[in-house]
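Novice: Dumping the structure here so I can ask a few things about it.
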Amino acid sequence: MQAWKDIRRCWQQLDNLQIVQLPKWRQLAEMTALFLLRRIGPGYYIQGKFWRPDLPFSDKWLHVNNTEYNAFIDRWNARPYQKSSQHKVVEKAVLQLLAVPTPEFIAYLHPQAGVSADGAPLRTLAQLKQLCAGLVGQKICLKLVEGFGGAGFSAFAVVQQADDVVFEHPFTGVRVSIDSWWQQAQQNPDGYIIERYLQQHPVVEALHPNSVNTLRIWVYQLPGKTEIAGAFLRVGQKGSLVDNTSSGGLYCPIDIQTGKLKHASFSREPWSQLAQHPDTGAQVSGVQLPFWDECQAIAGKALQAFPHVRVAGVDVAIAPEGPQMIELNVRPDQIGCTRMDVPLKRIDQKLKQAYAGQ
């Protein structure tokens, strides 16, 4: 049984690392109660580090199972409006219209509707080459319009090579022809959004310079204000361009009162609590995030930009001059709750009280 194997592996690691934990019998009793009465499985228990003696069982009880999570999202994010923030072009247009800072928009590449920021069509390989000829010496990133978890993300420096313009990997220097990239891109008919590559703040860049390391801030909207439920910083590893934990990145829980990083962890090894980045050796624990107050403010402003959306996981990058919105997730990965110690039933109750009678 896979669940039992995961439990034994977790216990073995906790013992090997001499991590303080509840007695094994108590953990088994809690896992059984949560599964039978709340349909919260052992995997969630492990991801949430629920073995910690200082975590009250009442908090564990207020986490939600998958069915409850989907109901929570649909209750507070009206279904007809959920798609509005999942299409990156629509999302970017709304954010820019309401003056929420985002990386500079260059173009929307699409076989029928593609257009650059200056209004020129961007639908063919020839038009893409013409656009890139004007971007020589600059770094750009290309994102799937309907992409998730970093899938389809590319970042390049646009360089001149003899009589041609090519894409160059920003860190390895490996070059690919635009023709070659175009052939692969044809597999994604929804198109790409092209943006200026964001130069991140030195404090965040030092953790892992190859990826733009972004904040995931869970924010919810009450009448007249927004509040932060929790947050963590995602950091790439092993030279990856993306920071998503689903692609092997680390997550670093944040003390939302101070904006300081607590530690770094692997999603596949939730018992890990690293003080330094395993590849770069950069200090993680205790690092003060720059512009923390501004990051919280921009997350709230982004949420308020979308009507009938009251809960979201907002992704924010920190540039040298301040935070910039990357994207807003109206159905953020539920496992994020375990990384922030956020029992969603408590947030749900707060929202119900705030909107009672509306």
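The values are calculated or read from the model by the stated rules, or taken from the named source; none is laboratory data. Everything numeric here is computed off the predicted structure, so don't read it as measured data. Every residue, glycine among them, receives a Cβ derived from its backbone with ideal geometry; neighbour counts consider all protein chains shown. Note: accessible area is taken over every heavy atom of the protein model, side chains too, but ligands, DNA and RNA are not part of it. Shrake-Rupley method; radii C 1.70, N 1.55, O 1.52, S 1.80 Å.
The rows are residues; the columns are (1) over 19 Å from residue 338 (Cα atoms); (2) in contact with a Lys or Arg (Cβ under 8 Å, 6 or more places away or on another chain).
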site: 19; (1), (2): no, no
site: 22; (1), (2): no, yes
site: 27; (1), (2): no, no
site: 34; (1), (2): no, yes
site: 41; (1), (2): no, no
site: 76; (1), (2): yes, yes
site: 82; (1), (2): yes, yes
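Novice: Regarding residue 262, is this residue open to solvent by 50 Å² or more (accessible area, probe 1.4 Å), charged (D, E, K, R), under 24 Å from residue 101 (Cα atoms) and under 18 Å from the mean Cα position of the chain (by Cα)?
Specialist: Spelling it out, it is not the case that residue 262 is open to solvent by 50 Å² or more (accessible area, probe 1.4 Å), charged (D, E, K, R), under 24 Å from residue 101 (Cα atoms) and under 18 Å from the mean Cα position of the chain (by Cα).
Novice: Give just the number: which of (1) part of a loop (DSSP other than H, G, I, E, B); (2) touching a helix residue (DSSP H, G or I) at 6+ places or on another chain (Cβ under 7 Å); (3) among the hydrophobic types (A, V, I, L, M, F, W, C); (4) surrounded by fewer than 16 Cβ atoms within 10 Å (Cβ to Cβ) does residue 113 not satisfy?
Specialist: Condition not satisfied by residue 113: (2).
Novice: Counting only residues that are open to solvent by 80 Å² or more (accessible area, probe 1.4 Å) and either among the basic types (Lys, Arg) or in a helix (DSSP H, G or I) (or both), how many does region 158-188 have?
Specialist: 3
Novice: To continue, here is another question. Looking only at helices (runs of 4 or more DSSP H) that lie completely in region 1-91, which have at least 2 residues being open to solvent by less than 20 Å² (accessible area, probe 1.4 Å) and closer than 22 Å to residue 267 by Cα?
Specialist: Hits in region 1-91: 2-16, 24-38, 42-47.
Novice: Can you name the number of the only condition in (1) touching an Asp or Glu at 6+ places or on another chain (Cβ under 9 Å); (2) without any contact (Cβ under 8 Å) to a residue 40 or more places away in the chain that residue 246 fails?
Specialist: Going through (1) touching an Asp or Glu at 6+ places or on another chain (Cβ under 9 Å); (2) without any contact (Cβ under 8 Å) to a residue 40 or more places away in the chain one by one, residue 246 breaks only (2).
Quick grid of which residues meet (1) over 17 Å from the mean Cα position of the chain (by Cα); (2) modelled with pLDDT of 95 or more:
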{"site": "180", "(1), (2)": "yes, no"}
{"site": "184", "(1), (2)": "yes, no"}
{"site": "187", "(1), (2)": "yes, no"}
{"site": "201", "(1), (2)": "yes, yes"}
{"site": "207", "(1), (2)": "no, yes"}
{"site": "210", "(1), (2)": "no, no"}
{"site": "216", "(1), (2)": "no, yes"}
{"site": "219", "(1), (2)": "no, yes"}
{"site": "223", "(1), (2)": "yes, no"}
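Quick grid of which residues meet (1) of a type in the set (Phe, Trp, Tyr); (2) touching a helix residue (DSSP H, G or I) at 6+ places or on another chain (Cβ under 9 Å); (3) surrounded by 17 or more Cβ atoms within 10 Å (Cβ to Cβ):
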residue: 290; (1), (2), (3): no, yes, yes
residue: 293; (1), (2), (3): no, no, no
residue: 306; (1), (2), (3): yes, yes, yes
residue: 312; (1), (2), (3): no, yes, yes
residue: 320; (1), (2), (3): no, yes, no
residue: 323; (1), (2), (3): no, yes, yes
residue: 326; (1), (2), (3): no, no, yes
residue: 345; (1), (2), (3): no, yes, no
residue: 350; (1), (2), (3): no, no, no
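Novice: OK, next. Of everything in region 194-208, what is in contact (Cβ under 8 Å) with a residue 60 or more places away in the chain, farther than 17 Å from residue 116 by Cα and open to solvent by 30 Å² or more (accessible area, probe 1.4 Å)? Give them in sequence order.
Specialist: Hits for region 194-208 are 199, 201, 202, 203, 206.
Novice: Looking at this structure, is residue 143 at pLDDT 90 or above, surrounded by 17 or more Cβ atoms within 10 Å (Cβ to Cβ) and either farther than 23 Å from residue 234 by Cα or in contact with a Lys or Arg (Cβ under 8 Å, 6 or more places away or on another chain) (or both)?
Specialist: In short, yes.
Novice: Right, something else. I want to confirm something. Restricting to region 118-136 and keeping residues that are part of a loop (DSSP other than H, G, I, E, B) and open to solvent by 70 Å² or more (accessible area, probe 1.4 Å), which single residue is farthest from residue 184 (Cα to Cα)?
Specialist: 118
Novice: What is the one condition in (1) free of Cβ contacts under 8 Å to residues at least 60 places away in the same chain; (2) open to solvent by less than 40 Å² (accessible area, probe 1.4 Å) that residue 191 does not satisfy?
Specialist: Going through the list (1) free of Cβ contacts under 8 Å to residues at least 60 places away in the same chain; (2) open to solvent by less than 40 Å² (accessible area, probe 1.4 Å), residue 191 breaks only (1).
Novice: Let me ask another. Give the residues of region 94-109 that are surrounded by 14 or more Cβ atoms within 10 Å (Cβ to Cβ) and assigned to a helix (DSSP H, G or I), sorted by residue number.
Specialist: The answer is 94, 95, 96.
Novice: Here's another thing I want to ask about it. For a quick check of your reading: which strands (runs of 3 or more DSSP E) sit entirely within region 218-299 and have at least 2 residues that are among the aliphatic types (A, V, I, L, M)?
Specialist: Hits in region 218-299: 225-235, 250-255.
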